[in-house]
Amino acid sequence: MIGIAAFWIVVLLAGGGFAMDRVLTRSITANFDSQLDYILTAMIVQADVGSDSEVRFTRPLADQRFLEPYSGLYWQVSGKGHEPFPSRSLWDQTLSVDLGRPAPRVRAYDSHQFRDEPLRVVEQDVRLPGSPVRWRFQVAASRDVLNAQVAVLRRTLIRSFAMLGLGLMVLSALQTIYGLWPLRRVRLAIAAVRSGHDTRVDVAVPLEIRPMVEELNDLLSFNEKQAEEARTHAGNLAHALKTPLTVIMNEVNAHSATLPETVMREARTMRRQVDHHLARARALGRRGSAQSRAEMWPSLEAVAKAVEVLYSDAVIDLDGDRRAIARVERQDLDEMIGNLIENAAKYGGGRVFATLTRVADAVELLVEDDGHGIPEAERVAIFGRGARLDTGKPGTGLGLAIVRDVAELYGGAVTLDESEDLGGLLVRLTLPAAA
């Protein structure tokens, strides 16, 4: 940042200095030319043609330098067919003149006709009264004075702009270091978190950086929560598998005659536990907070078609908001809807009605069936892992438990009620809506 700022400071100051040098140099040169033009006008006003048809001045020009040889200030009058009429300061030299190139107006230009003395020349053609000749009046001055003024100007500009540029670079460096200094403190705080000395980035930072620190602390909290949930899942799974394994080991040690039946029963129990915890682990790993988005209607249609293939006697009707978008991963959404629709088709009387609605900042999916429903006293227990009211049909009893756990991971909920239209069970799945 300091390097880029220094580069642009140099470029802009160099460009601005060059432009200012051009403007001021032209201004000094124009002022120099105006002084020569004033002398030229005085020459023309005082000029007259004598009886010998030569130009004479009614009175001598006031500047003493015109009388000093090689003084640096000269004048000359030239006419076609006449000898040049020079000032005494020219001594044995004359000014170059191109009479073939008319100068009806005042013209200024640089001349190098004298060795080691560059000149600034101002000239104009004039016809004097009583003379048919077009006379060329010229005033020339050494550029040494003009060049000295321009040199002083440029030295002043270079020094001023160099000091200005240096000051701007120093200020830019101080501003950058001061502005980024809070990030150094944040870096040290992150290092302290990584080393285990702190659990949060707790440093005083400016208002502009505070949102970043807050997001960083939220990320640390999120990671801690995920790690804690992972440890909890691992502990729960270990505890859930410990009892079936103990039962199997006791049966083996006792050489029980019912060992095969015991192994099968406990294996089914362990399978239910493993399936449940794997489903939670997958949902937890895919949880993407605000980045998760899934359109609910396509998922609902796909699940309904799949369930109708499995249960050909079931009739599934869909209705509601087709543009509803939930803040969940599509795979988890398919799993939740699949469990709800399949349970309704499996345990109901054949009619399933699913409705999508948007409520405030949430999306609700209502799944109703025409079965026997679930008594209110058993609606809490049915969410337990392996809980089944109808043991005559195949299943693991994990459907509603998985739906509840996955929904809660995304900030949603699952509630049970009685369907007013079909008379069976009504399951209300609430998920946060995506913008």
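Over the chain, calculate the relative contact order: mean separation of alpha carbon pairs under 8 Å at least 6 apart, over the residue count, as a percent.
Value for the chain: 10 percent.
Give the longest segment of the chain that steers clear of GluC sites (Glu not before Pro) in DSSP loops with at most 10 neighbouring Cβ atoms within 10 Å, not counting the sites themselves.
The answer is 209-419.
If we restrict to alpha carbons, what Rg and Dmax does the stretch 129-245 come to, in Å?
Reported Rg and Dmax, both Å: 37.6, 137.
Contact order normalised by length for the stretch 2-149, with contacts defined as Cα pairs under 8 Å and 6 or more residues apart; what percent is it?
Answer for the stretch 2-149 is 23 percent.
Using every alpha carbon pair in the chain, what percent of pairs falls into each 20 Å bin from 0 up to the bin containing the largest distance?
Histogram of Cα-Cα distances, whole percents per bin: 17, 24, 14, 11, 13, 14, 6, 1.
Where Lys and Arg each count +1 and Asp and Glu each count -1, what net charge lies around Leu119 among other residues with Cβ under 12 Å from its Cβ?
That works out to -2.
Would you list the membrane-span-like helices of the chain, meaning whole DSSP H runs whose alpha-carbon atoms span at least 18 Å along their axis and whose mean Kyte-Doolittle value is at least 1.0?
2-46
At a 10 Å Cβ-Cβ cut-off, how would you order Trp181, Trp135, fewest neighbours first?
Trp181, Trp135
What's the extension gain from Lys225 to Asp98 if we count 0.36 nm per residue and subtract their Cα-Cα distance?
36.2 nm
Among Trp181, Gly196, Leu237, whose Cα projects farthest towards the positive end of the dipole of the stretch 144-238, with charges put on the beta-carbon of Lys, Arg (+1) and Asp, Glu (-1)?
Working it through, the farthest residue towards the positive pole turns out to be Trp181.
Which one, Ile39, Ile402, Ile209, has the greatest fluctuation when you compute a Gaussian network model over the chain with C-alpha springs under 10 angstrom?
Ile39
Report, in debye and to the nearest 20, how large the dipole of the stretch 291-432 comes out about its Cα centre when Lys and Arg carry +1 and Asp and Glu carry -1 on their Cβ.
That gives a dipole near 400 debye.
Taking Cα pairs under 8 Å and at least six residues apart, what relative contact order does the stretch 97-147 come out at, in percent?
Averaging sequence separation for qualifying contacts and normalising by length gives 31 percent for the stretch 97-147.
Under 10 Å, Cα contacts only: if you run a Gaussian network model on the chain, which one of His239, His82, His197 comes out with the highest mean-square fluctuation?
Comparing His239, His82, His197 in the GNM, the peak value goes to His82.
Taking the dipole about the Cα centre of the chain, with the C-beta of Lys and Arg at +1 and of Asp and Glu at -1, give me whichever of Phe7, Gly373, Ala47 is farthest to the positive side.
Most positive-ward Cα: Ala47.
Starting from the exponent 0.38 and prefactor 2.2 Å, build the expected Rg for the stretch 291-432 from its residue count and divide its actual Cα Rg by it.
0.96
Rule-based calculations on the coordinates, nothing more; no lab input. Given the structure is predicted, the values throughout are model-derived calculations rather than measurements. Note that each Cβ is placed from the backbone with ideal geometry, even for glycine, and that neighbours are counted across all protein chains shown.
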